[in-house]
């Protein structure tokens, strides 16, 4: 849906560039970036005013006008996408924060909400010693569990097995002893 903003960021890296490196950011910093970004998108979508979201972004993100951002997020506004739950849910990261060869920090994941999950991918640019939004992709995905594969077909019928001897818990009663003498 919004992949165009993010792919343009990552396309700037040369094809032969070195691999991404783990980002030097702690868990609280990651949570602040994810939640503040998605809540800013949520508020912009609810109000139709993208001025603050645009102002919070890096210069490359600010190249989008408020009107352009409104166009980009129009489908989410039309669908009344509510992202408020990200304020209290724990995100599950599928891509840990990493520094891409172009210097951008990228992360991706989802919020495990029901019935739909909020799926996100974010890119941030370093601006004056702060990470500022440069690219974003937000969508909803199915949260229902995946059904297990069907069971294997039963094995061909086998002949009944002979009954195994059962352990006895009490020995059988002893037979009376014969003394060889008849009672009279």
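Any read-out appearing in this document is the output of simple, stated calculations on the displayed coordinates, not a laboratory observation. Fair warning: this is a prediction, and the values are worked out from it, not measured in the lab. Cβ placement follows ideal geometry from the backbone for every residue including glycine, while neighbour counts extend to all protein chains displayed.
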*Determine the principal axes of the Cα atoms in region 28-116, then give the extent along each, sorted from largest to smallest and rounded to whole angstroms.*
36, 32, 19
*With no solvent and one point on each alpha carbon, what is the Debye value of log10 I(q)/I(0) for region 27-66 at q = 0.25, 0.35 Å⁻¹?*
-0.83, -1.09
*Can you put 38, 81 in order of Cβ neighbours within 10 angstrom, beginning with the fewest?*
81, 38
_Could you list 137, 36 so that the one with the fewest beta carbons within 10 Å of its beta carbon is first and the one with the most is last?_
36, 137
*Please report, to one decimal in angstroms, the Kirkwood hydrodynamic radius of region 59-108 built from all distinct Cα-Cα pairs.*
13.8 Å
